[in-house]
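The values are calculated or read from the model by the stated rules, or taken from the named source; none is laboratory data. What you see is a predicted model; the values in this text were computed from it and never measured. Every residue, glycine as well, gets a Cβ built from its backbone with ideal geometry; the counts of neighbours run over all protein chains shown.
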Amino acid sequence: MNTHLLAVYVVAVFAAMIAPGPDMLFILATGARGGPRAGLLATLGVMTSEIVQITAVAAGLAALFAEAPAAFLVVRLCGAAYLLYLGVQALRSARRGSPIADVSEQGGVAGRYAYLRGVITNLANPKQVTFVVALLPQFVDRALGHVPLQFVILGAIFIAFELLVDGTVGLLAGRIATWLSRRQRARQALDAGAGAIMVALAARLAAEH
């Protein structure tokens, strides 16, 4: 792996994970209603879906790059454009100060149900696949060879951050939901930080050759 690209990738994934998105809000709501166990199982459900998606995307892209090297540049430029779009959207959300989703609904959540909902919620989100397609190829260095192995390493890091960040959210959902609901500026800061990193990353990657 290119250690410089790997360091940038870690920062990018962390920024993407800490910004409240559909998966995090789903896990937050599940944990707030069903407790820490339900929140953690919802996270594992999301992770299961992501493993399937990342494996499929990595296998397909690795094969594509091997057969058509020029496709690598096209995918990277399209991915950089999509990351720019996500960054701008996050900055706009920070400016508006969008409220957090309501997680006050009462009632328990069965562990199996939480896990299956996590799988289905993530699989049904086309933006997740688009994000993976946009993000991973940006950090593959074809000059080093072993492209499939590089995808495996990038995917493993992505999943590890999912477990670390969203797993923590699931376990501490009740406290986090209350804290976020009362601190609009904190939510705006998260969105602004993630948006700024995505915009800078997109510009940097698009300029690389």
*Some residue of the range 43-51 being assigned to a helix (DSSP H, G or I) and small (G, A, S)*: yes
_Scan the range 67-87 and tell me whether some residue there is under 21 Å from T121 (Cα atoms), assigned to a helix (DSSP H, G or I) and of a type outside the set (D, E)._
yes
*What are the residues in the range 29-56 that are among the hydrophobic types (A, V, I, L, M, F, W, C) and either modelled with pLDDT of 80 or more or in contact with a His (Cβ under 6 Å, 6 or more places away or on another chain) (or both), if any?*
A38, L40, L41, A42, L44, V46, M47, I51, V52, I54, A56
*In the range 114-143, how many residues are among the hydrophobic types (A, V, I, L, M, F, W, C), at pLDDT 80 or above and not in a helix (DSSP H, G or I)?*
1
*Only one of (1) at pLDDT below 80; (2) farther than 21 Å from V74 by Cβ is not met by A160, so which one is it?*
(1)
_Could you check the range 123-151 and list, in sequence order, the residues that are under 18 Å from the mean Cα position of the chain (by Cα), more than 14 Å from L61 (Cα to Cα) and of a type in the set (G, A, S)?_
A124
*Report whether or not A32 is assigned to a helix (DSSP H, G or I), touching a residue at least 60 places away in the same chain (Cβ under 8 Å), farther than 29 Å from L149 by Cα and not hydroxyl-bearing (S, T, Y).*
yes
